[in-house]
Every structure is written in C-alpha cells, then in structure tokens.
1. State whether the residues of the range 78-85 include one that is in contact with a helix residue (DSSP H, G or I) (Cβ under 9 Å, 6 or more places away or on another chain) and either assigned to a strand (DSSP E or B) or at pLDDT 75 or above (or both).
2. What are the residue pairs meeting all of these: first residue in the range 6-35, first residue part of a helix (DSSP H, G or I), second residue modelled with pLDDT of 70 or more and surrounded by 10 or more Cβ atoms within 10 Å (Cβ to Cβ), Cβ atoms under 9 Å, and 6 or more apart or on different chains?
3. Only residues that are over 25 Å from residue 12 (Cβ atoms) and surrounded by 12 or more Cβ atoms within 10 Å (Cβ to Cβ): list them for the range 38-58, please.
4. From the set of residues in the range 59-77 that are touching a residue at least 24 places away in the same chain (Cβ under 8 Å) and in a helix (DSSP H, G or I), which is nearest to residue 11 (Cα to Cα)?
5. Condition (residue is in contact with a helix residue (DSSP H, G or I) (Cβ under 7 Å, 6 or more places away or on another chain) and assigned to a helix (DSSP H, G or I)) applied to the range 39-48: is it met by at least one residue?
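The values are calculated or read from the model by the stated rules, or taken from the named source; none is laboratory data. Owing to the predicted nature of the structure, the values given are computational and were not obtained by experimental measurement. No Cβ is skipped: glycine too gets one built from the backbone with ideal geometry, and neighbour counts run over all protein chains shown.
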C-alpha cells in the first residue's frame with residue numbers, strides 16, 4: 001500500500017480516449033461563490049512550484065475552462081465510462 005491508497009483497488013483502464021485537459025468537477029449543489037474560489041485556487045496552483053512540477057510530471061498543460069466543444073468531444077465516451085465504473 002502506498003500512503004493511504006490501497007493499490008489492490010486501483011484498476012488500470014486502457015483505451016484511446018484523449019482527454020484535452022485536467023477535469024475537476026464541482027457538484028451543482030455547491031455554493032456558487034465557493035466554486036469560484038475553488039477555480040481561483042486551482043488556477044493559482046499552476047503558478048506554484050508544486051503546481052509546475054505536477055503539470056510537468058503528468059504531461060497535462062494546465063487548468064482551463066471547459067468549452068462546449070470539449071464536452072461534445074467526450075459525449076461518445078459516456079456509455080463506455082459508465083460500464084467501467086459499474
């Protein structure tokens with residue numbers, strides 16, 4: 001076990017899905033002001049040393065607002081993703 005993560009419960013799912021960004025979702029039940037603060041904190045993280053290291057190590061380019069085009073490009077993967085999560 002690594003840290004608090006039980007690695008025996010981690011499943012690697014291989015596929016050819018290209019996700020354009022890091023997706024961080026907030027529940028629609030959250031207060032709108034809190035969501036704004038969370039977005040600001042995540043964008044600020046990119047500018048920190050730890051944030052820069054994270055993005056270099058993961059290959060992600062950074063946080064950006066999700067566009068309709070981004071969402072539309074992922075629609076075809078919804079059913080497949082739901083199967084993996086069952």
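1. Looking through the range 78-85, at least one residue is in contact with a helix residue (DSSP H, G or I) (Cβ under 9 Å, 6 or more places away or on another chain) and either assigned to a strand (DSSP E or B) or at pLDDT 75 or above (or both).
2. 34/26; 35/26
3. Correct list: 38, 39, 42, 43, 45, 46, 51, 52.
4. The qualifying residue nearest to residue 11 (Cα to Cα) is 77.
5. Within the range 39-48, one or more residues are in contact with a helix residue (DSSP H, G or I) (Cβ under 7 Å, 6 or more places away or on another chain) and assigned to a helix (DSSP H, G or I).
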